[in-house]
1. What total accessible area, in Å², is buried where chains C and A meet, using a 1.4 Å probe and rounding to the nearest 100?
2. Counting only heavy atoms of the protein chains, get the accessible area per residue of chain B (1.4 Å probe) and round it to a whole Å² value.
3. So how much accessible area does B:Cys98 have, in Å² to the nearest 10, using a 1.4 Å probe?
4. Given a 1.4 Å probe and the protein chains all in place, what does the accessible area of B:Tyr159 round to, in Å² to the nearest 10?
5. Nothing charged except the Cβ atoms of Lys and Arg (+1) and of Asp and Glu (-1): what's the magnitude of the dipole of the protein assembly as shown about its Cα centre? Round to the nearest 20 debye.
6. Hey, what angle do you get for helix C:187-215 against the long axis of chain C, alpha-carbon based, 0 to 90 degrees rounded to 10?
7. Of A:Ile52, A:Ile245, A:Thr210, whose Cα points farthest to the positive end of the dipole of chain A (charges on the beta-carbon: +1 Lys, Arg; -1 Asp, Glu; origin at the Cα centre)?
8. Helix A:145-157 versus the longest principal axis of chain A: what angle, 0 to 90°, nearest 10, using Cα atoms?
Amino acid sequence: MENDPILRIEDIKKAYRAREILKGISLSISKGELKVLIGPSGGGKSTLLQCINFLVMPDGGDVWLEGRKVNPHRKRELYGYRQQVGMIFQDFNLFDHLSALQNVQIALLRVKGMDKKSARERAVAELERVGLGKHIDHYPAQLSGGQKQRVSIARALAMDPKVMLLDEPTSALDPELIGEVLAVIKNLVANGMTMIMATHQISFSSAFATEIIFMEDGLIVEQGPPSKILSSAECARTKEFCSKIYDLHGEGN
Amino acid sequence: MDEWQFFQSQVFPSLMKGFKVSISLILPSAFLGVCIGIWAGSMRVYGSTWLRKLVDAYVAIFRGTPLVVQLFFWYFGLPHVGIYLSPFAASVVGFSLCSGAYQSEYVRGALLSIKKGQMLAAQALGFSKWQMLRSVILPQALRRALPGCGNEIIYLIKYSSLAYMVTCIEMTGEAKILASHYFKYTEVFLAVGAFYLVLVSLAGWFLHHLEGRLSIPGFEHHGK
Amino acid sequence: MMPEGLIAVFQALPYILQGSFVTIGIVLGAMGFGLAMGIPLALGQVYGSPPVRVAVRIYVWFFRGVPLLVLLFLFYFGFCSLLDINLSAFTVSVAVLGLISAAYQSQIFRGAIASLPAGQLKAARALGMSDAKAVWFIILPQALRLSIPAWSNEYSIVLKDSAVAYALGVAEIMARTHFVATRTYQHLPLYLAAGTIYLILTYAGTRGLRLLENKVRIRGYSR
Ligand SMILES: Nc1ncnc2c1ncn2[C@@H]1O[C@H](COP(=O)(O)OP(=O)(O)OP(=O)(O)O)[C@@H](O)[C@H]1O
Ligand SMILES: [Mg+2]
């Protein structure tokens, strides 16, 4: 009670045709927490994150933001909700026809209805915050992967989100670019941003996550603080997966 | 009831008469167009510099001017130099040459899309130039060119209606005569439109199946 | 070419060139009409409900399947007198060429929209944009840019098709050329001249669209 969750989801289900991708997922996250989703490929992490802001419409289940249940079938409510939930995609999804600055501005202008001057100021500030003050006029095709991902983080931050959902923000990046994006995320943690992140960056997670959630076949198998999940997982599958990931990604940052 | 009888006794017989003329325009023009297209397309890729320039010019001219102008040129223009073509012959000449120019684009594109390695492999096996063309390049290129070339034939079906403008009375011409005679433009032109729709849809369906029959795994052509 | 032929061409040139304004008018009108209708048709086919999609498909099937000349006759002699509306041959030509072009343009735009990665729409929605805003600010600016080469091709088709308006008696290039030719009996040189004018118009138009394409090009953007 003393620490009410900002975001809570309950019994989220999703099936494509007869295939159940999510078999009823519940979790909640409080202010300033970082919850990390791990699990094998195809386990439903991306689907879950996209169900949380209804980019994929779940077949069942509910979502509460700050204690208010979200009704995704009411358009205005849905758009308002999405403005408060930032999303970072694995492949950035920057708008290819807009410069870095315009990418950050566009939702401020067209969704929030800000005036041009304050939208620009805000966008520049966010780009500077992610270390891209010098690149505001570059187009996506002129940016490296790491820079693109930082622009997309700036784009989400400019909306003043209450929660951020990050779907493997570093897995499309060349190894030498991963660090710069993780540094930005680290900064967000330090500033008390609330985040749910799917990632394979185990060492980063063990250092910064409040909790690690192991997902497989559409179910949460195990969850708990990193120390517990990574060293003394109860479930054999979790252990096996974690050791594999350690071998693969060893020292992520 | 009246309308139906009019359709049965007047519209259908004339349209069928015109339909036969249309078909006898389309079939030879399509065939000649494809032949010209394959020849011109090959020359534009493998021909000597001069021949290539010449064929390029042919294609640019016939793709850059309206078919109507070309038809008028063949029918009304040629008598100027003592060559008299019947409306039917002028139409077939006009359709074939125009269609061939468009067809050559697809053939050329398909030939260019064939990877160098295919030719190197054939040469390494000791194929002569002609053998290579026949058994390696054309089987691949024509498959690639098929959708475009087929589409061109569908265009030809529709553009065959322009033969009417050089007084070759095919389906559209019959319809025009009938419609002005009975002053029933809407009915008659809807009917002739339906004829063309059926023809074009059948051709499209046939083409689709042909593509399916000839398809090879991993050899799908993506769009145009 | 024989001197009297050349003389006939030069004497008729101003008269024929006036027709090129009519031709350009038809083409601009039809392309504009086709654009204004092609975009909603494409959006309907991509994002519409099943009945909308079926309706668009039927529209496209019809206007791509029936020859231009038949449609011109149907609309000008058929529908106009049936509905008792008095439209000029010019207007009907623009409308019919526009309706056909809308069918073709809708398929150009549909292809361009389909070639955009799904992530573009997702990212726009994730920022809280309504679908209408996402389409207007994110999808269309990209799709239209990608469509310019195909659009330039469509321009050259509409330009050439506009010569068929002669069948309704519109005084464009073709009609004027034929008119002069039947009086001077200089068919051959006159049609060559007309062909040249069309070649120039084709070239000028595609050149202009190439410039536009470069002007709106985004650095490093290609798909
Ligand atoms: N639109 C869709 N239609 C059908 N199946 C889908 C669709 N989207 C996802 N899936 C399936 O759902 C399953 C879960 O996918 P999801 O992307 O959520 O997994 P993930 O845990 O994020 O995996 P990864 O680590 O590879 O990103 C996969 O098997 C995928 O094939
Ligand atoms: Mg994923």
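The values are calculated or read from the model by the stated rules, or taken from the named source; none is laboratory data. Just so we're clear, the structure is a prediction, and the values are computed from it rather than from any experiment. Ideal geometry is used to build each Cβ from the backbone, glycine not excepted, and the neighbour counts take in all protein chains shown. Remember, those area values only see protein heavy atoms, side chains included, never the ligands or the DNA or RNA. Shrake-Rupley method; radii C 1.70, N 1.55, O 1.52, S 1.80 Å.
1. Details: alone 12450 and 12170 Å², together 22430 Å².
For chain C against chain A, roughly 2200 Å² becomes buried.
2. Details: 11480 Å² over 224 residues.
With all protein chains present, chain B gives 51 Å² per residue.
3. 10 Å²
4. 50 Å²
5. 940 debye
6. 20 degrees
7. It is A:Ile52, whose Cα lies furthest towards the positive end.
8. 80 degrees
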